[in-house]
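A short write-up of the structure that comes next.
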């Protein structure tokens, strides 16, 4: 028991340290820009606001929201995410397909069948969006979305045709603040929490999440969630 308590305390210390490090970067950028503008008010123009202040403020807000989600998931199970209702996963995937079509040059293909589960709609939407955003970030030309039923489970598949994930890293990527390509992830605005949050949400819904290689050599994420009992 003492060993488990020590391990939990060390994990919490690492988490706080990592969170502090991630928050320090955008806060430092904002502080530097404001100090510069205070000394030289003429430099506080639209370019400084749009290129430095707003992006870093948004990054910090997103990081704080991610940290709050993880804090709630640490407290207990699904009830901490919100209400539990019937959720149409196909509607969520269709909405993501439409969203990506409107903001990215990446082609989105989909094979989506009607699937309904019980859960928190906001959390499940966040889980799918995190996986889709990750796929779009790494895709060369194509992202593939799939939703179906098999047995007593709902299946969600999200694939990309990017560089893929080495087999040795496929479990580690669901850890908090893990980036396999740190410079690229930071440039793209990733906090290293998206896949961790997706994993936490899936577990809270008593499901599983795995990653493998897609047919095109990219990444294939598969989520299973139990169907509601009739």
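Before moving on, here are some points about what is shown:
Residues checked against (1) within 25 Å of residue 55 (Cβ to Cβ); (2) surrounded by 18 or more Cβ atoms within 10 Å (Cβ to Cβ); (3) modelled with pLDDT of 90 or more; (4) assigned by TED's automatic domain parsing to the domain that holds residue 207:
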residue	(1), (2), (3), (4)
107	no, no, yes, yes
148	no, no, yes, yes
160	yes, yes, yes, yes
190	yes, yes, no, yes
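- Within the set 148, 118, the sole residue that is more than 15 Å from residue 221 (Cα to Cα), touching a residue at least 24 places away in the same chain (Cβ under 8 Å) and part of a strand (DSSP E or B) turns out to be 118.
- Selected residue [in contact with a helix residue (DSSP H, G or I) (Cβ under 9 Å, 6 or more places away or on another chain) and within 26 Å of residue 67 (Cα to Cα)] from 109, 95, 113, 154: 95
The values are calculated or read from the model by the stated rules, or taken from the named source; none is laboratory data. Every value quoted in this text rests on a predicted model; they were computed, and no experiment measured them. In this analysis, Cβ positions are derived from the backbone assuming ideal geometry, glycine residues included, and neighbour counts consider all displayed protein chains.
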